[in-house]
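None of the figures in this text is laboratory data; all of them are computed from the coordinates on show. Keep in mind the model is a prediction, meaning the values are calculated, not measured. When we count neighbours, we look across all protein chains shown, and the Cβ atoms used for this are built from the backbone with ideal geometry, even at glycine.
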Amino acid sequence: MPRQVIEPILITERSRERVFPEFDVELLARWMDNVFEIPGTGIRFGLDAIVGLVPGLGDLITSVVSLYILRVASRRGVPRITLVRMASNIAVDYVLGSVPVVGDAFDVYWKANLRNVELLRRHTLATTTEQRKARSGDWLFVAGLMLLLVALLIGCVTIAWWLVAGLWRVVGG
């Protein structure tokens, strides 16, 4: 069965129907992730990348804005696994975006808000069968992320063990 890839939405298309009329989370996501363009490059970025330049506090502020989209999704009855996927997008954006310099470049690429609005849109417009398929994709994403985190944890513990053992040999030996 071919895998369906869901691309982040391009909100700049005026023809797109508004799914969330009471508060425009699509517009919020656009401002956070995609409102500005570097001329001649096609690279788009938003306030997330700009505010994220403020060490420590910038990524925290943008994550709080991102949590609003998650809250809207929760109110709309999005399945829990999809909410976990959305929260994972925010967590990845926060953790990797917090790394100086590299994190700022990552913020331009990741666009967690646009990803989350697309997940919300997918849930809102999907039929029951499509929702079931989307949930299995969300499970795979979350499982893959968890495996990656476990691998990182094992790697960090292993490196720490080697460092402590080497230091012990130097100091004790």
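Some points to look at:
- The peptide list 34-46, 70-82, put in order of mean Cβ contacts within 10 Å with the highest first, becomes 70-82, 34-46.
- Signed unit charges on C-beta, dipole axis of segment 25-172, positive-most listed residue L27, L83, V171: L83
- Residue by residue, segment 91-108 carries 3J(HN,Hα) couplings of 5, 4, 4, 5, 5, 6, x, 7, 6, x, 6, 4, x, 5, 5, 5, 4, 5 Hz when phi is fed to the Karplus relation 6.51 cos²θ - 1.76 cosθ + 1.60 (θ = phi - 60°); x denotes Gly or Pro.
- A simple rule links phi to the HN-Hα coupling: the Karplus curve 6.51 cos²θ - 1.76 cosθ + 1.60 with θ = phi - 60°, which for segment 36-52 gives 9, 9, 7, x, x, 10, x, 7, 10, 8, x, 5, 4, 5, 6, 5, x Hz, with x for Gly and Pro.
- Distance between the C-alpha centres of segment 118-149 and segment 71-97: 11 Å, rounded to the whole angstrom.
- Förster radius 30 Å - calculated FRET efficiency between R71 and A160 (Cβ-Cβ, nearest 0.05): 0.20
- Couplings 3J(HN,Hα) of segment 60-65, computed from phi: 5, 4, 5, 5, 5, 5 Hz, in residue order, whole Hz [Karplus 6.51 cos²θ - 1.76 cosθ + 1.60, θ = phi - 60°; x for Gly and Pro].
- Close amide-amide hydrogen proximity is noted between N34 and G46, L47, each under 5 Å apart and 5 or more residues distant or on a separate chain (H modeled in the peptide plane; Pro and chain starts excluded).
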